[in-house]
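**Student:** Here it is: the structure, laid out below.
Just so you know, all these numbers are worked out from the coordinates, no wet-lab data involved. Everything numeric here is computed off the predicted structure, so don't read it as measured data. A quick note on method: Cβ atoms are made from the backbone with ideal geometry, for glycine too, and the neighbour counts reach across all protein chains shown.
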Amino acid sequence: MSSGTTTASLSGDDVQAIDHLRATYGRLVNELGKVIVGQRDTIEQLAICLFARRHALLMGVPGLAKTLLVSKLAETMSLKFSRIQFTPDLMPMDITGTDILQESETGRREFQFVPGPVFANIVLADEINRAPPKTQAAMLEAMQEQRVTVLGKEFHLESPFMVLATQNPVEQEGTYPLPEAQLDRFMSLIELDYPNEEEEIQIAKTTTGDALPNLEHVMSAAEIIAHQHLVRRVPVPDHIYTYAARLVRRTRPAGETAPAWLKPLVSWGAGPRAVQNLILGAKARAALYGSYMVRLEDVKAVASAVLTHRIITTFAAQAEKVGSKDIIQRLVQETPDT
């Protein structure tokens, strides 16, 4: 096969389904725009993670409508939304649920499982780094296996299932930084920035009124699951796989392909899961934009969100004020396309 060939092609039904997904995504953006000012890139990244069947880490200072955005995303898709406020005294059973002794209709006392807030379609883990590692780990099985184990019993979570965790980048005292193994479970790091002046004025006008507008439901859970399967079937040319693998391998300072400028700045590069998520993210973005095949621009568009939290910078990089995002952006520019 040549470098531009693919191993599969879409059926006629899949082509129509992608057209439908693109139109539905446009309606979703318009609906969220009624209550969320700006943040178009954030909405796109959230949609990419949802249709790629992955999880995301939201990073932003307080007041950027992270909770509102996630709850309204669930509302427009007719999904069950749950918010967990992570605190130092939060216990794993506060997330997963536990058995409670209750009296049955026959008068007998027996243990009955009461589901925790993780039993939802979209779970917002608010300020996840404020809880101790034992509690953070309670989310791992749910994120990876879509199930929880309580007192030796397994309970499966309904599809679709997505965890959106937030971290406050300003106040770090009394926090427990997420370990690299757990950070790697998140497909994307979505960074929210301050709105511009025009958007900030619009936010004030929108949020100081009597009530927020009601949003229409644009998609059902069954449709989301069907679209998630559709995204997996989007064809990927061979040279796109090569580019994604080449880009990730260049993040590893000990590797032969790592550029000389990167080695003093990075102590640990991205693992194989990064390649998987680059491809999945590119597939989801291509489908959302109505493309019937993954393009190089799709991979480049998701590269920063997928790779930034997967590399560890050195003290030298911190001293030079070079962040992970700067490194990834330079690698994307320098990595050859062919």
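**Student:** Counting DSSP beta bridges in the chain, what percent are antiparallel, to the nearest 5?
**Tutor:** 45
**Student:** Hey, another quick one. Report the equivalent ellipsoid semi-axes for the range 170-263 in whole Å, largest first, defined as the square roots of five times the eigenvalues of the gyration tensor built from alpha carbon atoms.
**Tutor:** The three semi-axes for the range 170-263 are 37, 26, 16 Å.
**Student:** Same structure, new question: Would you mind checking the tilt of helix 272-288 against the longest principal axis of the Cα atoms of the chain, expressed as 0 to 90 degrees and rounded to 10?
**Tutor:** For 272-288 against the chain, the angle is about 80 degrees.
**Student:** Extension gain T257-T242, at 0.36 nm per residue separation less the Cα-Cα distance, in nm?
**Tutor:** Full-extension gain reported as 4.1 nm.
**Student:** Considering only the other residues whose Cβ falls under 13 Å of the Cβ of P160, what net charge follows from Lys and Arg at +1 and Asp and Glu at -1?
**Tutor:** +1
**Student:** Around E216, with a cut-off of 10 angstrom between Cβ atoms, what is the net charge of the other residues, counting Lys and Arg +1 and Asp and Glu -1?
**Tutor:** Residues close to E216 contribute a combined charge of 0.
**Student:** Only bridges with both residues in the range 15-152 count here: give the DSSP antiparallel percent, nearest 5.
**Tutor:** Here the antiparallel bridges make up roughly 60 percent for the range 15-152.
**Student:** Now for a separate question. Given contacts defined as C-alpha pairs under 8 Å and at least six residues apart, what's the relative contact order of the chain, whole-number percent?
**Tutor:** Taking the mean separation of contacting Cα pairs over the length of the chain, I get 24 percent.
**Student:** Give the residue from A287, P177, A131 lying farthest towards the positive end of the charge dipole for the chain; charges sit on Cβ (+1 for Lys and Arg, -1 for Asp and Glu) and the dipole is referred to the Cα centre.
**Tutor:** Toward the positive end, the furthest listed residue is A287.
**Student:** May I pose another question? Calculated from DSSP H runs of 4 or more alone, at -39500 (n - 2.57) each and per residue, what is the 222 nm mean residue ellipticity of the chain, nearest 500?
**Tutor:** Helix-only estimate at 222 nm: -13000 deg cm²/dmol.
**Student:** At 7 Å along the Cα-to-beta-carbon direction for both E200 and A226, put a label point, then send me their distance in nm to one decimal.
**Tutor:** Result for the modelled spin labels: 4.5 nm.
**Student:** Hey, another quick one. Would you calculate the separation in nanometres between label points at M91 and F113, each defined as 7 Å from the Cα along the Cα-to-beta-carbon direction?
**Tutor:** Between M91 and F113, the simple spin-label model gives 1.9 nm.
**Student:** Straight distance only, please: which aspartates and glutamates reach the Cα of K263 with their own Cα at less than 19 Å, same-chain residues fewer than 8 apart left out?
**Tutor:** E320, D326, E334
**Student:** Share of antiparallel DSSP beta bridges in the range 100-205, in percent to the nearest 5?
**Tutor:** Among the beta bridges of the range 100-205, antiparallel pairing accounts for roughly 65 percent.
**Student:** Same structure, new question: Would you mind pulling out the separation of the Cα centroids of the range 6-79 and the range 255-286, in Å?
**Tutor:** 24
**Student:** Taking the mean number of other Cβ atoms within 10 Å as a proxy for protection, how do you rank 268-276, 124-132, 200-208, 51-59 from highest to lowest?
**Tutor:** Listed from highest to lowest mean packing, they are 51-59, 124-132, 268-276, 200-208.
**Student:** Select from G107, L215, Q146 the residue farthest towards the positive end of the dipole of the range 105-243; place +1 on Cβ of Lys and Arg, -1 on Cβ of Asp and Glu, and compute about the Cα centre.
**Tutor:** G107
**Student:** I would also like to ask the following. Label T67 and E216 with points 7 Å out from Cα along Cα→Cβ: what is the distance between them in nm?
**Tutor:** Taking the simple label geometry, T67 and E216 are separated by 2.9 nm.
**Student:** May I pose another question? Magnitude of the Cβ-charge dipole of the chain, K/R +1 and D/E -1, about the Cα centre, nearest 20 debye?
**Tutor:** 920
**Student:** Can you spot the lysines whose alpha carbon is less than 30 Å from K66's alpha carbon? Ignore those fewer than 8 places along the same chain.
**Tutor:** Candidates past the 8-residue exclusion: K34, K80, K134, K205, K283, K300, K321, K325.
**Student:** Among 66-74, 10-18, how do they line up by average Cβ neighbours within 10 Å per residue, starting with the highest?
**Tutor:** Answer by packing, highest mean first, reads 66-74, 10-18.
**Student:** If you don't mind, another one. For T106 and K153, what is the calculated FRET efficiency with R₀ set at 30 Å and r taken between the beta-carbons, to the nearest 0.05?
**Tutor:** Once rounded, the FRET efficiency stands at 0.85.
**Student:** I'd like to compare 148-154, 20-26: which one has the highest average count of other Cβ atoms within 10 Å, and what's the full order after that?
**Tutor:** 20-26, 148-154
**Student:** Right, another one. Quick one: putting +1 on the C-beta of Lys and Arg, -1 on the C-beta of Asp and Glu, what dipole do you get for the range 188-338 around its Cα centre, in Debye to the nearest 20?
**Tutor:** Here the range 188-338 has a charge dipole of around 980 debye.
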